[in-house]
Every structure is written in C-alpha cells, then in structure tokens.
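What follows is a short report on a single structure.
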Amino acid sequence: MSLPEEASVDLQGVAPETSTEELLPLFRQMLAIRRMEEASAKAYSQGKIGGFLHLIIGQEAVCVGAIDAIGQDDYVVATYREHGHAYAKGVAAAPILAELYGKKTGLVKGLGGSMHLFDKSKNFLGGYGIVGGHVPIACGAAFKAKYRGEKNVALCFFGEGASTIGGFQEGIALAALWKLPVVFICENNLYSMGTPLYRSLAVEDVSMRALAHGMARDRVDGHDVITVKRRIEDAVKRARETSEPTLVEVRTYRFRGHSMSDPGLYRTRDEVAEWKRRDPVRIARTRLIEELGCPEDKIKEIEADVKKEIAEAVAFAEQSPAADEYKQYVYKEQS
C-alpha cells in the first residue's frame with residue numbers, strides 16, 4: 001500500500017468533490033479557530049495573556065481536515081502551535097482561552113498555558129514545547145493501541161524544523177520497525193521560526209525521509225480542507241487496517257510571525273500577500289457559495305454564531321478566577 005517514490009505536492013491541483021453537508025461544518029471550525037486566534041492576539045497585546053503565544057492563522061485547514069479524518073477514540077499529539085488542533089478535536093473555545101489567560105477554569109487549570117493544552121477526555125494528548133520531542137509520545141499511543149488489539153490511530157503533528165531533531169528520527173524509525181498505526185503530519189509552513197526552508201533542509205521534501213524506513217509517504221497542498229481530509233483518510237485507513245505508519249508533508253503557511261513576539265521581518269509583504277490569496281477559510285467560503293450553491297445568508301448566520309461563541313469564550317476567560325493550583329507545587333506550609 002506504499003505510495004510511489006515520485007509522489008509530489010500539486011499546489012494548483014483540483015480539489016476533491018465534496019458537499020455542503022461535509023464542507024460547511026469544516027468551514028465553521030476553521031472560522032472559529034481563526035476568530036479564537038485573533039481574540040488571543042488581541043488579549044496578548046493588551047497584556048491579558050503572558051508568556052509565549054504561537055498562532056495558527058493561515059494553517060487552519062491542516063488540523064481541521066486531518067482531525068476530521070479520524071474518530072473520537074483516535075489520538076492527537078501536537079506541537080506548541082496547538083490551539084486549533086485542540087478545538088478541532090472537540091475541546092471548547094472557553095477552556096482553551098481560559099488556559100491561555102492562566103485561569104483556574106482553563107483546560108489544565110491554568111498550569112499549562114498556550115503551549116501545553118491537554119484533554120484526556122477527547123484523546124487530545126497535548127501540545128509540547130520541546131521541538132520534535134513529542135513524536136515518540138505519539139508512537140507510544142499507537143503502540144498501546146496495537147498492543148491491546150484496539151483499532152485506534154494516532155495523528156502526530158510537527159513542523160518541518162522538527163524533522164531534523166533526534167526525537168523525530170527515533171520515532172519514525174520505531175514506528176516503521178514495529179509497524180505502528182500512526183500518521184506523521186509535517187505542517188511545512190516554509191519557516192523554522194525565522195529560518196527559511198532552503199537554509200534548514202538539504203532536501204526540502206520532508207516526506208522523502210520515509211523512504212529510508214520503507215514507510216509510505218505523501219505530499220499535499222494544505223490550503224484546501226477537503227484535500228487534506230481525503231489524503232489523511234488514506235493514511236488513516238492504512239494505519240487502521242494494516243497497522244502501517246505514513247509520513248505526510250502538508251505544505252501550508254502562517255500569516256503571522258512565529259510567535260506574538262516575532263514581527264516576521266524576514267518575509268516580504270509581497271510574499272505574505274501572495275500566500276494570503278490561498279487563505280483556507282476564504283477558499284472554503286467561496287467554494288460553498290459559488291460551487292456548492294450554499295446561500296450566503298447561511299454563511300452569514302454561521303459567521304454571526306462563531307462571533308458570539310468566541311465573544312462568550314473571551315468573557316468566560318476574563319471573568320474566571322486566576323489559577324491557584326500552582327501554589328501546592330511551589331509553596332510548602334511551615335510546620
């Protein structure tokens with residue numbers, strides 16, 4: 001079931017067929033993630049969110065499409081840019097934002113912050129701040145499923161910069177050797193922090209690394225959510241039916257800097273503007289109206305509903321009490 005060695009990404013390819021019933025909820029998810037991230041950026045600039053904040057704006061189709069290709073019992077392991085992945089896995093916006101705000105009502109009681117969201121009830125096994133260090137963790141989840149005779153699959157998201165890290169190499173080596181039901185998804189946004197692709201990888205096709213392990217591979221344009229979903233569905237089917245891993249490179253682009261502290265001056269305005277023409281949210285909206293005949297009034301209803309959802313989530317975060325669980329780990333009562 002392995003893919004041919006000449007597999008390549010087609011940034012101008014024709015999107016797979018879909019329906020309003022399939023695309024509309026995916027559009028809503030992407031829009032909600034976009035608005036949640038914009039609200040996070042605003043709160044950060046106002047000093048209401050501290051620490052690091054890495055936004056996924058521009059990359060929404062990757063996590064939404066990929067996670068829609070799996071089931072509720074399947075696992076997701078992500079990087080520190082994981083707000084959208086958590087939302088796509090079913091975590092509500094309110095506890096996500098509360099966690100970013102460092103509030104007691106946050107997803108992990110305000111102890112994790114932006115880079116360490118986690119929800120066992122959704123099988124969202126965390127965002128991780130150590131680049132590439134989470135790849136073996138995803139392999140562990142897949143190993144557990146195989147060992148117990150379960151049919152669960154693990155999705156592991158990482159950036160192209162992580163593909164040069166030892167943890168990544170060890171993880172894919174074990175996945176191939178033990179035939180683990182895991183799909184490795186490289187969200188290649190062309191920049192490792194501020195380092196462009198041509199300066200960080202001798203071979204820019206990250207999926208080529210699968211060939212050293214006899215592993216199936218694929219490359220896909222990450223700006224159409226249905227395209228992402230279909231191609232990840234193929235990899236998930238392989239993992240579920242034959243317990244074979246796949247390495248998928250998804251080409252995408254972040255519209256903002258690496259983090260809120262990064263002005264992104266290493267990119268030209270023309271470059272960013274060119275990639276914004278491939279905005280996944282806009283692409284889905286246009287396709288719904290022009291190709292599938294979805295009434296624009298229906299789209300506007302969804303947009304209003306999303307605006308209300310995120311406004312309520314922001315209010316929840318701002319009105320929640322500050323985290324205090326950390327005290328038991330920092331202070332000790334004197335006897």
Inset, instruction - Run the numbers on the range 127-169 and let me know its relative contact order in percent, using alpha-carbon pairs under 8 Å that are six or more apart. - result: 51
Legend entry - Those lysines that a straight Cα-Cα span of less than 16 Å connects to residue 42, excepting residues fewer than 8 apart in one chain: 307
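So for the chain, what are the equivalent ellipsoid semi-axes in whole Å, largest first, each being the square root of 5 times an eigenvalue of the Cα gyration tensor? Walk me through the intermediate numbers first.
Details: eigenvalues 170, 133, 81 Å².
Semi-axes from the Cα gyration tensor: 29, 26, 20 Å.
Filter the trypsin sites (Lys or Arg not before Pro) in the range 258-327 to those in DSSP coil with at most 12 other Cβ atoms within 10 Å of their Cβ, and list the result. Write down the numbers at each step before the final one.
On the way: sites: 267, 269, 276, 277, 278, 282, 285, 287, 298, 300, 307, 308, 327; in loops: 267, 277, 278.
Those satisfying the criteria are 277.
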Inset, instruction - Please identify, among 119, 279, 74, the residue showing maximal mean-square fluctuation in a Gaussian network model of the chain using a 10 angstrom Cα cutoff. - result: 119
Legend entry - the range 154-263: GluC sites (Glu not before Pro) falling in loop per DSSP and having at most 15 other Cβ within 10 Å: 204
Inset, instruction - Starting with the fewest neighbours, write out 137, 70 ranked by other beta-carbon atoms found within 10 Å of each beta-carbon. - result: 137, 70
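State the extension gain, in nm to one decimal, for the chain segment bounded by residue 233 and residue 268, taking 0.36 nm per residue of separation less the distance between their alpha-carbons. Each step should come with its number before you reach the end.
Numbers: separation 35, 0.36 × 35 = 12.60 nm, distance 3.52 nm.
Additional length available on full extension: 9.1 nm.
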Inset, instruction - For the chain, set up a Gaussian network in which alpha carbons nearer than 10 Å are linked by springs, and say which option among 33, 185, 283 fluctuates the most. - result: 283
Inset, instruction - Please report the relative contact order for the range 27-327, taking Cα pairs under 8 Å with a sequence separation of at least 6, and give it as a percent rounded to a whole number. - result: 25
Legend entry - MRE, 222 nm, helices only [DSSP H, n ≥ 4, -39500 (n - 2.57), over the chain, to nearest 500]: -13000 deg cm²/dmol
Inset, instruction - Could you please rank 184, 27, 316, placing first whichever residue has the fewest other Cβ atoms within 10 Å of its Cβ? - result: 316, 27, 184
Legend entry - Within the range 252-335, GluC sites (Glu not before Pro) in DSSP loop having at most 15 other beta-carbon neighbours inside 10 Å: 325, 333
Legend entry - Mean-position separation - Cα centroids, the range 52-85 and the range 226-305, in angstrom: 11
Inset, instruction - Just name one of 314, 335, 242: the one whose Cα is farthest towards the positive end of the charge dipole of the range 213-335 (beta-carbon charges, Lys/Arg +1, Asp/Glu -1). - result: 242
Legend entry - Given 109/298; 122/332; 122/237; 122/229; 103/276, the pairs whose alpha carbons are separated by over 25 Å: 109/298; 122/332; 103/276
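When 182, 153 are ordered from fewest to most other Cβ atoms inside 10 Å of their Cβ, what list results? Mind showing how you got there, number by number?
Details: 182 34, 153 27.
Fewest to most other Cβ atoms nearby, the residues stand as 153, 182.
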Legend entry - Spin-label pair residue 211/residue 282, simplified geometry with 7 Å Cα→Cβ offset, distance in nm: 3.6
Inset, instruction - Rounding to the nearest 20 debye, state how big the charge dipole of the chain is about its Cα centre with +1 on each Lys and Arg Cβ and -1 on each Asp and Glu Cβ. - result: 800
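Taken together, the values in this text are just the output of simple stated rules run on the coordinates, not laboratory data. Every value quoted in this text rests on a predicted model; they were computed, and no experiment measured them. Glycine also receives a Cβ, built like all others from the backbone with ideal geometry; neighbour counts cover every protein chain displayed.
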